[in-house]
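Data first, discussion second: the structure below is written as structure tokens.
FYI, it's all coordinate maths here, none of it is from the lab. These numbers come from a predicted model, not from an experiment. Using ideal geometry, Cβ is built from the backbone for each residue, glycine included, and neighbour counts are taken over all protein chains shown.
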Amino acid sequence: MLDIISKDKPLLRQLKSFRFSIFISCFLVILVMIVTAGQIFQNSYHKKAIENKIAQVQSQCNILASQVLLNEFAISSSTDNLNTEIDQLANVLEGRIIIVDSEYKIIKDTYTIEQNKYMMSNAVHDLMLGKTNSSYKIVNQSQYAEIMVPILDSATVMNTIDNNTSSKQGDSSGSQELKQAKGVIICMVSIRDLVETDTYMKQQSRMLYALFIFIALVVSLFMAFIIQRPLKQLNQKLKKVAEGHLDEEIIVEGSTEIKDLTDTLNQILGKIQMLENSRQEFVSNVSHELKTPITSMKVLADSLLVQEDVPAEMYREFMTDIAGEIERENKIITDLLTLVRLDKQAVDLNVETINVNELLELLLKRIRPIAEKRNIEIVFESMREVMAEIDEVKISLAFSNLIENAVKYNVDDGWVRVVLDADHKFFYVKVSDSGMGIPEECQERVFERFYRVDKSHSREIGGTGLGLAITRNAILMHKGAINLYSKPGEGTTFTVRIPLIYIG
């Protein structure tokens with residue numbers, strides 16, 4: 001169940017998978033934490049053990065220094081108690097003790113190798129002069145520790161203790177240089193026991209590392225499975241969607257991010273479903289719109305064929321109707337081709353700086369004869385002269401459709417008002433009419449292709465139902481916006497906003 005490598009997928013693909021990345025990341029993080037913590041613990045233990053060992057030896061050397069000073073460095077007799085104690089201490093410490101007097105002469109060496117010789121070293125010299133109060137170093141590949149302690153008289157020792165206490169309390173005046181020592185005790189003590197302890201701990205730590213690595217492996221596998229499971233469920237749901245089940249809602253339990261992703265995908269699927277429904281409706285409408293004129297023409301033609309000796313007047317009337325249906329078919333096809341061209345994302349706009357006032361006046365001049373047949377008054381109000389970067393052909397098409405619709409769907413003896421205004425960024429065109437108006441429930445759909453508010457009235461007028469869709473596409477291509485306000489029986493107002501400077 002917690003397998004990371006599957007036999008069903010190529011190895012390279014699996015190594016790039018999110019699940020494998022989670023597994024490797026978790027495993028490496030836990031592994032680094034375990035190794036780092038282990039190393040820190042081992043180093044801290046080793047350092048603390050060395051410090052404790054040195055402190056114990058220094059304490060014993062200080063006691064020995066007091067005895068040597070009390071005996072006034074008289075350690076010559078082999079039967080002397082102090083001499084015996086020094087030898088016993090060296091045996092207990094498994095090391096070597098050397099005592100140097102103030103003249104740098106070795107008066108005692110438990111190994112008797114350097115007995116009665118002189119020791120001149122920087123460390124001993126510094127201790128004699130009081131520059132340091134003790135020193136130690138690890139020698140012979142960490143097998144021995146060399147510890148040096150000065151032999152001080154009792155007054156100097158008390159002064160040193162007082163100075164150290166004052167320094168800890170923050171009294172800088174109490175910090176004074178140590179007085180010259182009477183001698184130095186050098187103790188070379190074995191630390192093999194510490195080395196053996198370190199070796200034992202390393203062996204034990206290896207076993208613990210193996211145990212922790214196994215635990216890290218299990219935890220990483222578990223984490224990879226838990227984190228990847230919602231994504232796997234989501235992928236399975238999306239596969240069903242890819243098979244065509246667009247109406248199926250995606251429900252996946254998981255983290256907040258997974259839920260947000262699921263909600264977003266459901267929104268996308270909802271929009272895709274809406275587009276699919278719109279596409280099916282569009283195909284159905286196109287088929288119906290193209291078939292209707294053909295059906296009418298067939299009926300008219302069949303009527304002529306079944307009759308013999310058709311009068312010329314009837315023949316002319318039927319042919320006129322057939323020509324009208326052909327013209328209607330041609331207009332539908334022309335509008336469809338226009339929409340196809342506007343739908344292309346890569347369509348090029350022939351952008352030029354155009355005087356919008358002159359453009360609207362030219363359009364109104366063409367439409368006024370149609371309005372005069374029904375005694376509809378067209379009023380043009382220009383607040384200022386407007387120069388804008390637009391595609392004249394496409395914008396002319398958009399504004400023509402708006403103004404023609406205002407005339408076609410108006411009442412007799414009505415009015416149409418066109419208002420042009422601008423600010424520093426946009427120009428605005430408002431087209432208002434006194435027509436029949438658009439019900440509120442239909443206002444969101446009037447820009448859909450072939451959608452008609454009143455189908456029977458639209459048939460009489462002869463519209464294709466594509467005009468507002470063409471208008472909206474042309475305006476959107478210019479990064480503009482179109483809105484409408486309407487009440488049934490009170491007319492309709494379309495407001496168009498287009499940038500003065502085209503932004504490609």
Worksheet item: Stretch Glu392-Arg366 to full length: gain in nm at 0.36 nm per residue minus the Cα-Cα span?
Response: 7.8 nm
Practice prompt. Starting from the amide H of Tyr502, placed 1.01 Å from N in the peptide plane, find each other amide H under 5 Å away whose residue is 5 or more places distant or on another chain.
Written response: Glu389
Discussion item. So for each of 351-360, 390-399, 407-416 I average, over its residues, the number of other beta carbons within 10 Å; can you give me the resulting order with the highest mean first?
Written reply: 390-399, 407-416, 351-360
Discussion item. Please give me the summed charge of the neighbours of Val68: other residues whose Cβ is under 11 Å from its Cβ, Lys and Arg +1, Asp and Glu -1.
Written reply: -1
Discussion item. Amide H of Ala422 versus every other amide H placed in the peptide plane: which residues, excluding those fewer than 5 positions away on the same chain, fall under 5 Å?
Written reply: Tyr428
Worksheet, complete the sentence: Once both label points are put 7 Å beyond Cα along the C-beta direction, the Tyr111-Val351 separation in nm becomes 9.3
Worksheet item: How big is the gap, in Å, between the Cα center of the range 52-67 and the Cα center of the range 200-230?
Response: 46
Item to complete: Pop out the ³J(HN,Hα) list for the range 401-406 in order, Karplus 6.51 cos²θ - 1.76 cosθ + 1.60 with θ = phi - 60°, rounded to Hz; leave Gly and Pro as x.
Response: 4, 5, 5, 5, 5, 4
Discussion item. Rounded, prolate or oblate for the range 351-499? Axes are the square roots of the Cα gyration tensor eigenvalues, ordered a ≥ b ≥ c, and the cut-off for rounded is a/c under 1.5.
Written reply: prolate
Discussion item. Just to check I understand the Karplus step: with θ = phi - 60° and J = 6.51 cos²θ - 1.76 cosθ + 1.60, what whole-Hz values come out for the range 223-230, glycine and proline as x?
Written reply: 4, 4, 5, 5, 5, 7, 4, x
Discussion item. What does the charge count around Ile147 come to, taking other residues whose C-beta lies under 10 Å from its C-beta (Lys +1, Arg +1, Asp -1, Glu -1)?
Written reply: +1
Item to complete: Starting from the amide H of Ser135, placed 1.01 Å from N in the peptide plane, find each other amide H under 5 Å away whose residue is 5 or more places distant or on another chain.
Response: Met148
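Compute the signed sum of charges (Lys and Arg +1, Asp and Glu -1) over the other residues within less than 11 Å, Cβ to Cβ, of Arg417.
Details: positive: Lys430; negative: Glu377, Glu381, Asp433.
It works out to a net charge of -2.
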